[in-house]
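**Student:** Attaching a single structure in structure tokens format; questions to follow.
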Amino acid sequence: MNKDIFIKVDSLCFLRVLNERDVSENYVSWLNNYEISKYTQQKFIKHNLNNVEEFVKQKRESSIDLLFGIFYDNIHIGNIKLGPISWEHKSAEISYFIGDKNFWGKGIASKVVKKVVEYGIKDLSLEKINSAYLEVNIVSAKVLEKCGFLIEGEKISEVIFENKRINLILVGFVANKNIFQ
């Protein structure tokens, strides 16, 4: 799979597949910041330059994952991952976060999710893209709804979040071949 992918989001924002040179102390600090990572599995890991570089390397070498950096005015502000991709079923998972809090609430997550969904459907011939969010993550719920994802179900009491058992909401986007024309 080609990993030299560049996706223009708007005049200042673009996506490209990350490489180890993109890993910085700033990036590592996002992953170790509870407020930024609290809705992700990353909150359970103590991150450092070495393990984040290894993660980025694994994703770059993977045939089923695309880990994009979100860049705004050439500054790395977050990530969005398409994968794992099931080539047999023409489906994939999508996950994302804006690590730089200066860019929260600006609609960037919605724009990049739409662009990656479009890329997955048009360029990779995917037909289904799935995601999930913790029921308390209202921002992700709004982003995914705005991007055309529909609630498909929930896993009751699936995770423990801040010492409470909560539901995991499962959402999906099914390709309509005309949607991006």
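**Student:** Taking the stated definitions as given, is Gly99 under 30 Å from Lys164 (Cα atoms) and not aliphatic (A, V, I, L, M)?
**Tutor:** For Gly99, the condition - under 30 Å from Lys164 (Cα atoms) and not aliphatic (A, V, I, L, M) - is met.
Condition check ((1) without any contact (Cβ under 8 Å) to a residue 24 or more places away in the chain; (2) of a type in the set (D, E, K, R); (3) under 22 Å from Lys106 (Cα atoms)) across all residues:
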{"residue": "Asn19", "(1), (2), (3)": "no, no, no"}
{"residue": "Asn32", "(1), (2), (3)": "yes, no, no"}
{"residue": "Gln41", "(1), (2), (3)": "yes, no, no"}
{"residue": "Asn74", "(1), (2), (3)": "yes, no, yes"}
{"residue": "Asn79", "(1), (2), (3)": "no, no, yes"}
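**Student:** Then there is this: Yes or no: Phe55 surrounded by 15 or more Cβ atoms within 10 Å (Cβ to Cβ) and assigned to a strand (DSSP E or B)?
**Tutor:** no
**Student:** May I pose another question? For region 58-84, which positions are under 14 Å from the mean Cα position of the chain (by Cα), among the charged types (D, E, K, R) and over 18 Å from Val28 (Cα atoms)?
**Tutor:** Listed by number, the list holds a single entry, Asp65.
**Student:** So which pairs qualify, if the first residue must be in region 113-127 and in contact (Cβ under 8 Å) with a residue 40 or more places away in the chain and more than 19 Å from Ile70 (Cβ to Cβ), the second must be among the polar types (S, T, N, Q) and buried (at least 17 other Cβ atoms within 10 Å of the Cβ), the Cβ gap must be under 9 Å, and the two must be at least 6 apart or on different chains?
**Tutor:** Going by the 9 Å Cβ cut-off, the qualifying pairs are Leu126/Ser91; Glu127/Ser91.
**Student:** Select from region 6-38 the residues that are outside any helix (DSSP H, G or I) and charged (D, E, K, R) and write down the one among them that is nearest to Arg60 (Cα to Cα).
**Tutor:** Arg16
**Student:** Right, another one. Name, by its number, the condition in (1) assigned to a strand (DSSP E or B); (2) among the aliphatic types (A, V, I, L, M); (3) more than 28 Å from His47 (Cα to Cα) that does not hold for Leu67.
**Tutor:** (3)
**Student:** Could you check how many residues of region 72-90 are closer than 25 Å to Met1 by Cβ and surrounded by 19 or more Cβ atoms within 10 Å (Cβ to Cβ)?
**Tutor:** Of the residues in region 72-90, 7 are closer than 25 Å to Met1 by Cβ and surrounded by 19 or more Cβ atoms within 10 Å (Cβ to Cβ).
**Student:** Conditions: (1) out of contact with any strand residue (DSSP E or B) (no Cβ under 7 Å at 6 or more places or on another chain); (2) closer than 13 Å to Gly78 by Cα; (3) not aliphatic (A, V, I, L, M). Tyr27 meets all but one. Number of the miss?
**Tutor:** (1)
**Student:** So, in region 13-57, exactly how many residues are aliphatic (A, V, I, L, M), over 17 Å from the mean Cα position of the chain (by Cα) and within 24 Å of Ala92 (Cβ to Cβ)?
**Tutor:** 1
**Student:** Among the residues of region 117-143, write down those that are in a helix (DSSP H, G or I) and either surrounded by 16 or more Cβ atoms within 10 Å (Cβ to Cβ) or touching a strand residue (DSSP E or B) at 6+ places or on another chain (Cβ under 6 Å) (or both).
**Tutor:** Within region 117-143, Val117, Tyr119, Gly120, Ile121, Ser140, Ala141, Val143 meet the criteria.
Coordinate-derived values only; no laboratory data. Please read these numbers as outputs of a predicted model, since none were measured by experiment. Cβ coordinates were reconstructed from backbone atoms using ideal geometry, including for glycine residues, and neighbour counts include every protein chain displayed.
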